[in-house]
């Protein structure tokens, strides 16, 4: 896949920041289906800082691969702050990474609700030694591909910000 110049530049900046800090990266993706990991690994030499990516599209995959709680999924729903925190923590726990990003959202065109409209995306960031954080973004009036592209950009930006701080 060909990524936009902005995404490629952002991914390159993230890889360089991770190298400078000696960090390994993991991703745990749902609605982006591995696009964040793909953006990072589309750059030659990424293997020195990208450990792995989990594509956990179903609730069962989130539970099996990342250790997300079935109770949390039932109570909160897959597209929620609590779930992306658990996903990010699970990516750290099941990899050699120092930092992980997670993404769960409603890319559309269907699946939205009044509470969580199409374009609602939650992001989790977990770093070794710190409690996971979550960020909610809403990308309204965009098609599926644009929501996913915006989610990739946001995920890369959040990781870069976390590594730089």
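No value in this document is a laboratory result; all are computed from the given coordinates. In this text, all values refer to a predicted model and were calculated from it rather than measured experimentally. Here Cβ is always computed from backbone atoms with ideal geometry, including for glycine, and neighbour counts include all displayed protein chains.
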Practice problem: Could you calculate the contour length gain from residue 165 to residue 128, that is, 0.36 nm times the residue separation minus the distance between their Cα atoms, to one decimal place in nm? | Solution: 11.9 nm
Quiz item: When all C-alpha to C-alpha distances in the range 15-58 are sorted into bins of 10 Å, what percent of pairs does each bin hold, rounded to whole numbers?
Solution: 31, 51, 18, 1
Quiz item: How big is the antiparallel share of DSSP beta bridges in the chain, given as a percent to the nearest 5?
Solution: 55
Quiz item: Taking the mean number of other Cβ atoms within 10 Å as a proxy for protection, how do you rank 16-27, 42-53 from highest to lowest?
Solution: 16-27, 42-53
Quiz item: For the pair residue 70 and residue 96, what calculated FRET efficiency results from E = 1/(1 + (r/R0)^6), where r is the Cβ-Cβ distance and R0 = 22 Å, to the nearest 0.05?
Solution: 0.25
Self-check item: Square roots of 5 times each gyration tensor eigenvalue, C-alpha, the range 67-165, largest first, Å
Solution: 23, 17, 9
Quiz item: Expressed as a rounded percentage, what relative contact order does the chain have, with Cα pairs under 8 Å and six or more residues apart?
Solution: 23
Exercise. Measure out, as a whole number of angstrom, how far apart the alpha-carbon centroids of the range 127-165 and the range 49-95 sit.
Key: 15
Exercise. May I ask you to order 84-91, 66-73 by the average number of other C-beta atoms within 10 Å around their residues, highest value first?
Key: 84-91, 66-73
Quiz item: Between residue 60 and residue 20, what length comes free when the chain is fully extended (0.36 nm per residue of separation minus the Cα-Cα distance, one decimal in nm)?
Solution: 10.8 nm
